[in-house]
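The next block holds one structure in the form of structure tokens; read it before the comments.
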Amino acid sequence: MRPARIQADKQQGAWPSGGEIARLVVTLVVATLLQTTVAPNIRILGANPDFALIIVVCVGLLKGSEIGAVFGFAAGTLVAIALMEPLGLSAFVFVLIGYFAGRYAETADLSAGYAPLVSAFAATLLANVLLAMAQYLLARQVPLGFFLGRVLVPSLILNTLLAAPLYLVVRLWLRGAGDLRVARAR
Amino acid sequence: MLTLYFLESDSGFVHGTQSIVLRVVAPLQNGTARATKPFRDAWNWAGDLFSAKSENAKLRKELEQLRAGVAKELTTQDENLQMRDLLAMQRDRVYPDGVRLVTARVVARSTTAWYSTVTIDAGSSSGVVVYDAVVNGAGLVGRVTKADAHASQVTLITDQSSYVDAMVMPGGAQGIVSGSVTGDVTLQYVDKNERVKVGQYVVTSGRQGSVFVHGIPIGQIESVGSQEVELYQSISLDPFVDFRKLDLVQVVVR
């Protein structure tokens, strides 16, 4: 069994301590503020960075699937509240992302060094496809060319590039507990 | 939760919870927006610097075109007349009795490509209600689509669900300004027989039943197209408002 899996298995079922919860709450608030007030003013490669999504991925990778899913739900709900958007859609997408990022950390055989990048790439793909499907179901315009060229591809590149530095910051803040890299080093 | 949200009324449990949490989050967003403003300005400045070179070349080309256009005296006079009309209209703009302007700051905005909305720090406690028009110094920004006690959601005119009663100045051709998912703004339902030219200005019509008062500048006509089989002209607009740099806005409260 790989070290990452051992570490992740040890963490399964273990509820975080009060200090860890406090740090996760701060992470949640910062993710929401970054997403709603900073991200809209940063436009690179024609896309805005999705800080909340990347941070949900990071928490999932560092803390496992259960905490990742709960954190994703809270982040999605808070972002929707802050933007006064319909509640539930972002929460649903982020629950899946937090959960699958956690499961990836618990079970993957891929090199842990690429984990944040691969996870952010996959999460961006999943989130954008789900959001586009939701738009289609809500009878809003979803032109395929626009979606691929001006939404999906720029977001994939930007979020993947931002995943590494954000992962380092989040890992440092959450003190590396449950971190894949720490687990590998043991 | 999503199902509950769409099924229940505005006074329902989920909406109520959203409202309570928003009251906590809105001041934090306001503080963050103020704190990060210098960085945003620096970022915009850097972005403007990078685009200055290409813009310079573009402006030189436009200048050459304008020089060639100087010879066409009639065209120049016509443009001059349009400018004077717009200026006169802006000077004479009078809101109906009971209308007041509530100044607000943009504290958050959607980053998804599917929604063009912003959140402002003024709500029903300031008299803001749904459908109020939102403007800034350049022109029409959008309309209020949700109003909480201390915050409101504004749907920009670039959003695909935005429709605004509008008219072309001068001339008075009427149409509907609508946004799109790509952010492009078009003037629709203008009869093919109406004479509409590139460069003319578009303002809110303020027709009876419209949520907007008359005379708010929206944009300038960028291109006009017409096909034999179409009943209406295909007109694209260049909005006056720079939606990337929204900061202070005013809500037209009736």
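Bear in mind these aren't lab numbers, they're just calculated from the coordinates by the rules spelled out. Just so you know, these numbers come straight off a predicted model, no measurement behind them. Don't worry about glycine lacking a Cβ; one is built from the backbone with ideal geometry, like all the others, and counts go over all protein chains shown.
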Quiz item: Any idea how far apart B:Ser124 and A:Val26 come out in nm if each label point goes 7 Å out from Cα toward Cβ?
Solution: 3.6 nm
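Pairs B:Lys61/B:Lys192; B:Lys37/B:Lys61; B:Lys58/B:Lys197: which exceed 27 Å Cα-Cα?
Violating the 27 Å Cα-Cα cut-off are B:Lys61/B:Lys192; B:Lys37/B:Lys61.
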Quiz item: Points 7 angstrom from Cα along the Cβ direction at B:Leu2 and B:Ser210: gap in nanometres?
Solution: 3.7 nm
Self-check item: Pairwise Cα inverse-distance average, inverted: Kirkwood Rh of the stretch A:85-151 (Å)
Solution: 13.4 Å
Self-check item: Charged-residue dipole, Cβ positions (Lys, Arg, Asp, Glu), the protein assembly as shown about Cα centre, Debye nearest 20
Solution: 1400 debye
Quiz item: What's the average, rounded to a whole number, of partner chain beta-carbon atoms within 10 Å of each residue's beta-carbon in A:30-37?
Solution: 6
Quiz item: If you stretched the chain out fully between B:Val24 and B:Asn44, how much longer would it get, using 0.36 nm times the residue separation minus the C-alpha to C-alpha distance?
Solution: 4.3 nm
Exercise. First obtain the Kirkwood hydrodynamic radius of the stretch A:3-185 from its Cα pairs, then insert it into the Stokes-Einstein equation at 37 °C and 0.692 mPa s, and state the resulting D in µm² per second as a whole number.
Key: 201 µm²/s
Quiz item: Considering every pair of different Cα atoms, what Kirkwood radius, in Å, is found for the protein assembly as shown?
Solution: 23.9 Å
Practice problem: Would you kindly state how much longer the chain becomes between A:Val169 and A:Arg140 on full extension, computed as 0.36 nm times their sequence separation minus their alpha carbon distance, in nm to one decimal? | Solution: 6.7 nm
Quiz item: Efficiency by 1/(1 + (r/R0)^6): what FRET value for B:Ser161 and B:Val229, r their Cβ-Cβ distance, R0 = 30 Å, to the nearest 0.05?
Solution: 0.65
Practice problem: Between B:Asp242 and A:Ser17, take the C-beta separation as r, use R0 = 56 Å, and let me know the FRET efficiency to the nearest 0.05. | Solution: 0.70
Self-check item: Pairwise label distance in nanometres, B:Ala35 with B:Val198, each label 7 Å out on the Cα-Cβ vector
Solution: 4.8 nm
